[in-house]
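A short worksheet on the structure shown next.
What follows draws every value from the coordinates through simple rules; no lab data is involved. Predicted model only: the values in this text are computed from it and were never measured. Counting neighbours? That spans all protein chains shown, and the Cβs are built from the backbone with ideal geometry, glycine included.
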Amino acid sequence: RIVFKVGTSSLTYETGLINIRQMESLCRVLSDVRNSGREVILVSSGAISVGLAKLGIVRTAHSMPEKQDDAVQALTEKQAAAAVGQCELMYLYDKHFTEYHHKLGQILLTREDIDHAWRKANIVNTFESLLGMGAIPIVNENDTVATEEISVGDNDTLSAVVAGLTHADALVILSDIDGLFTANPATNPDARLIPRVTEIDDALRGIAEGAGSLRGTGGMATKISAAGICFENDCTMTIINGAYPERIYDLLEGRSVGTLFQKEESK
Ligand code: GLU
């Protein structure tokens, strides 16, 4: 059982619109992974970016609101954009996965759902039913209702939580970078890829410091905290470059791809 997480920057262009080639390629590989007998769950970001682009709303770092009223309006706008973008995402996922005869189910969650015992039990039961029926659950935060107080906040953490809830064997995070580097490879030519992490300590958190892209929510820091959740649940986590979904095959064949997070005594 594998949870895959795809980030906004791997799924969309700078324009905010869907990167069709990348999305198609991801759906084809995941369909194949499902055909091989593995159970697949996909946590997908991109709703806000796709919705904003579709609605023609342009956001830049400089257009972030300064006043409280503007902040409220920006949040409402984002929530409306998520509602629009989520439809578009599911329409395209359904179209691509249906091409390979797979069934999908949409699951939208907030932190509040996971923190409530009976809601959590319902979520777990629904995941198990869907997987038992051979369907692929597609998960996102329920952005239209999730304000800061009740949200998980980023899909790296959400995917690790989902991996825990469903007792997944592995979490694979498709990012816009090859994996975790010793420094920022965009600015430091000496930066090297770290192929394997067995312990999460302050030194590692220091390496991972830094903001994410404008279009996504997470950065390396949220991926490290996701790895922490995976370590607690005996689940491995790998960060690979989402621009090359075919690398998922290499990963499943046991080759070293991206950065593998695996606790020393883990199975
Ligand atoms: N839920 C957000 C969206 O679909 C993405 C959150 C994230 O990038 O971590 O746009």
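Under 5 Å between amide H atoms, partner at least 5 residues away or on a different chain: which partners does GLY242 have, H built in plane at 1.01 Å?
Here SER175, ASP176, ILE177 satisfy the definition.
Evaluate E = 1/(1 + (r/R0)^6) for ALA183 and GLU246, where r is the Cβ-Cβ distance and R0 equals 30 Å; express this FRET efficiency to the nearest 0.05.
On the way: r = 27 Å, r/R0 = 0.91.
The calculated FRET efficiency here is 0.65.
List the residues, sorted by chain then number, that are 5 or more residues from LEU109 or on another chain and whose placed amide H is less than 5 Å from its amide H.
Amide H to amide H, under 5 Å and 5 or more residues apart or across chains, LEU109 pairs with ASN140, GLU141, ASN142.
Please build a GNM for the chain, connecting alpha carbons under 10 Å apart, and tell me which residue among LYS103, LYS223, LYS67 fluctuates the most.
LYS67
Net charge near GLY85, counting Lys/Arg +1 and Asp/Glu -1 over other residues with Cβ under 9 Å of its Cβ? Please report the intermediate quantities before stating the final value.
Working: positive: LYS54; negative: GLU88, ASP143.
Result for the local shell: -1.
Can you tell me the dipole magnitude for the chain around its Cα centre, using point charges on the Cβ only (Lys, Arg +1; Asp, Glu -1), in Debye to the nearest 20?
Details: 24 positive and 36 negative charges, 135 e Å.
Approximately 640 debye in magnitude.
Near the amide H of THR12, under 5 Å away, which other amide H atoms are found, from residues 5 or more places off or on another chain, if H is placed in the peptide plane?
ASN19
Between SER256, SER36, SER175, find the one with the highest GNM mean-square fluctuation for the chain; connect C-alpha pairs within less than 10 Å.
SER36
With r defined as the distance between the Cβ atoms of GLN73 and VAL145 and R0 fixed at 25 Å, what FRET efficiency is calculated, to the nearest 0.05? Walk me through the numbers on the way to the answer.
Values: r = 17 Å, r/R0 = 0.69.
Computed FRET efficiency for GLN73 and VAL145 comes out at 0.90.
Count the net charge of all other residues whose Cβ sits under 12 Å from the Cβ of GLU199, scoring Lys and Arg as +1 and Asp and Glu as -1. Before the final figure, lay out each step's value.
Values: positive: ARG196, ARG205, LYS263; negative: ASP201, ASP202, GLU264, GLU265.
Cβ neighbours under 12 Å give a net charge of -1.
Show me the helices of the chain, taken as full DSSP H stretches, that run 24 Å or more along their long axis by Cα and average -0.5 or above in Kyte-Doolittle hydropathy. Write down the numbers at each step before the final one.
On the way: long enough: 68-99 (46 Å, -0.39).
Correct list, ordered by number: 68-99.
Going by average Cβ neighbours within 10 Å, how do the peptides 40-52, 239-251, 182-194 rank, with the highest at the top?
The densest-packed peptide leads the list: 40-52, 239-251, 182-194.
Please build a GNM for the chain, connecting alpha carbons under 10 Å apart, and tell me which residue among LEU174, LEU131, LEU252 fluctuates the most.
The residue with the greatest mean-square fluctuation here is LEU252.
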